[in-house]
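Just below is one structure, and these are the notes that go with it.
The values are calculated or read from the model by the stated rules, or taken from the named source; none is laboratory data. Owing to the predicted nature of the structure, the values given are computational and were not obtained by experimental measurement. In this analysis, Cβ positions are derived from the backbone assuming ideal geometry, glycine residues included, and neighbour counts consider all displayed protein chains.
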Amino acid sequence: MIFMLILAKAMMAIMLGFVCAIVCGMIAIPLLRHFNIGQQVYEELNKRHLKKQGTPTMGGIIFIVPVITSLAYLYFSGSITFSYNLFVLLLVFLAYAFLGFVDDYLKIKFKNNDGLSIVTKFMCQMGIALIFFYLFMKGGGSTVLRLSFLHLEVNLGWCFGIFIFLLLVGTSNAVNITDGLDGLCGGLSTIAFLAYGIIAWNCSWLPGYQEIAIFSFILVGALIGFLMFNAHPAKVFMGDLGSLSLGAALATIAILTRHEFSLAIIGGVFLIEILSSFIQIVSIRRFKKKVFLKAPIHHHFEELKWEETDIVKLFYTVGLILAMIAITYGVWL
């Protein structure tokens, strides 16, 4: 009976997020076109991407707005409570969304891909991480990092704040650079939040664990709705507004549920993407050679003449397998 109730709540959250995202997309995309909020594409990236020039961006609002409105509806209808941990999660989610919005706005205004400077973005991300660390500790969080697969516990003390910063920045940027093919980032994020929704519902020791799970499932539904517009050929891109907020939310849920290392598995494709870029940069600067034809790695497959849809399907498959492994370990074993 309890399992069926949880399943019903999860399905309702997914359905609510999906319907709201479809409605939001039908309203937002024409408005984005009307105000000429389009993607800038450059030939040196990939000639096949030139046809995407001018496609509406900042499409992250298609899943961000439904998450907020759905949670508000469930709260005022008495279906959920507004817990402290949900507040922390929403704060980080929206803070990174705003950071991404500013970045997107500057790119559109000046018609380039520069946006915020690296230093400015770094300082903003550090500030958000510090606020999160303060709220996390105030809410009874622990600085003990558990490596359950090694049966090891390490008290990081104040260094846990650095760990939070690295996890937030690393994950948000990894999701950000994965957003390079139609439907790729949205689909992988759907899989990741579905996995963390299941894991969160198993963390009954965590105050507000059900609300965190419902947040994840609403976002899953909203992302599925977003993919109706973002799947190949994409009618809208999520932009930094969407990708930075998704990465930050993933890292936040991982920290709150104390499944930080599961993120390396659930977000395995994101990790591969950012590692491929890092390896490429180091190899070029240090050895004057390329490891990949083009980085991140999804562009490498494009250079090998793979179809965009085939690359996305391959990455979806890998992401799903990794998520199933993480769920099995995080919930069952």
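Leu156 meets each of the listed conditions (1) more than 17 Å from Trp205 (Cα to Cα); (2) surrounded by 15 or more Cβ atoms within 10 Å (Cβ to Cβ); (3) modelled with pLDDT under 90; (4) of a type outside the set (Val, Ile, Thr) apart from (2). Can you give me the number of residues within segment 82-96 that are outside any helix (DSSP H, G or I) and surrounded by fewer than 16 Cβ atoms within 10 Å (Cβ to Cβ)? Result for segment 82-96: 1.
Do the conditions hold for Ser117, that is, is it of a type in the set (Ser, Thr, Tyr), within 30 Å of Trp201 (Cβ to Cβ) and exposed (fewer than 13 other Cβ atoms within 10 Å of the Cβ)?
Numbers: of a type in the set (Ser, Thr, Tyr): yes; within 30 Å of Trp201 (Cβ to Cβ): no; exposed (fewer than 13 other Cβ atoms within 10 Å of the Cβ): yes.
No, not satisfied.
Only residues that are surrounded by fewer than 24 Cβ atoms within 10 Å (Cβ to Cβ) and among the hydrophobic types (A, V, I, L, M, F, W, C) were counted across segment 165-180, and they come to 5.
The residue of segment 239-283 that is surrounded by the most Cβ atoms within 10 Å (Cβ to Cβ), among those that are among the aromatic types (Phe, Trp, Tyr) and part of a helix (DSSP H, G or I), is Phe270.
Close Cβ contacts (under 7 Å, 6 or more residues apart or on different chains) running from residues in segment 291-305 that are in contact (Cβ under 8 Å) with a residue 24 or more places away in the chain and closer than 15 Å to Phe270 by Cα to residues that are small (Gly, Ala, Ser) and assigned to a loop (DSSP other than H, G, I, E, B) comprise Pro296/Gly180; His298/Gly180; His299/Gly180. On the given criteria, is Val236 touching a strand residue (DSSP E or B) at 6+ places or on another chain (Cβ under 7 Å) and either within 13 Å of Phe193 (Cα to Cα) or assigned to a loop (DSSP other than H, G, I, E, B) (or both)? Here the answer is yes, as Val236 does meet what is asked.
Here is a check on your reading of the model: is Phe237 aromatic (Phe, Trp, Tyr), under 23 Å from Leu156 (Cβ atoms) and touching a residue at least 12 places away in the same chain (Cβ under 8 Å)?
Numbers: aromatic (Phe, Trp, Tyr): yes; under 23 Å from Leu156 (Cβ atoms): no; touching a residue at least 12 places away in the same chain (Cβ under 8 Å): yes.
Here the answer is no, as Phe237 does not meet what is asked.
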